[in-house]
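Okay, structure first, notes after.
The values are calculated or read from the model by the stated rules, or taken from the named source; none is laboratory data. These figures come from a predicted structure and were not determined experimentally. Here the Cβ is made from the backbone with ideal geometry for all residues, glycine too, and neighbour counts use every protein chain on show. Side chains included, ligands, DNA and RNA excluded: accessible areas come from the protein's heavy atoms. Shrake-Rupley method; radii C 1.70, N 1.55, O 1.52, S 1.80 Å.
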Amino acid sequence: MQTDERRGAVSAGEFERVSRGLWVEEPARSYRLPDPVRTAAVRAVIITAVTLIQAMTAFLSTLAGSWLAFPMVLSSVASTVVATWGVLDVWVTRQVWNQRYGVVSVPSSTARQLRRERRRARRADRNAARDGVRIPAPGAGTRSEEQTPGGLKAA
């Protein structure tokens, strides 16, 4: 199966109609990690990669009977400890960031805000009902022909 057939074109002439651009912007599925957590994660990946390279070098130099095998095994053990620390650092940094800047769910403050909104709504309903039931005072709301907008009598 040809590439253009996989993309849905029957012939090469239809390829232009079916092909997508080189760069297609897709929305992110998850949010980006906070900067301190991302920094710790990059550091952990680099340390882990170096540890794996050291372990492979120690293994191959052991098979070859090289003098480098013993120092590489010692450095691989030390590097494994450091890599474990790096991974734990990512976990701890993420937890600390979430505690300091994450979404804080405090039920009392949320409940307090909801109660405030309900109280406001009840007060508005009471005021609206009271204004509708209130009997207007005599002459209130109607303008006499003798009065002008300034409240003065016309001459």
In order over the range 45-62: 3J(HN,Hα) from phi, Karplus 6.51/-1.76/1.60, θ = phi - 60°, whole Hz, x for each Gly or Pro, gives 5, 5, 4, 5, 5, 5, 4, 5, 5, 5, 5, 5, 5, 5, 5, 5, 6, 5
Applied in sequence order to the range 111-123, the curve 6.51 cos²θ - 1.76 cosθ + 1.60 (Karplus, θ = phi - 60°) yields integer Hz couplings, x standing for Gly and Pro, of 5, 4, 5, 5, 4, 4, 5, 5, 4, 4, 5, 5, 5
Between Tyr101 and Val81, how high is the FRET efficiency from 1/(1 + (r/R0)^6) when r is the Cβ-Cβ distance and R₀ = 22 Å? Nearest 0.05.
0.15
Within the range 38-120, DSSP-loop chymotrypsin sites (Phe, Trp or Tyr not before Pro) with at most 15 other C-beta atoms within 10 Å are Trp67
In whole Hz and in residue order, list the ³J(HN,Hα) couplings for the range 24-33 that follow from phi through the Karplus curve 6.51 cos²θ - 1.76 cosθ + 1.60, θ = phi - 60°; x for Gly and Pro.
10, 7, 10, x, 5, 7, 9, 6, 5, 5
With a 1.4 Å probe and every protein chain left in place, tell me how much accessible area Asp35 has, in Å² to the nearest 10.
90 Å²
Could you report the range 23-77's accessible area per residue, 1.4 Å probe, as an integer in Å²?
81 Å²
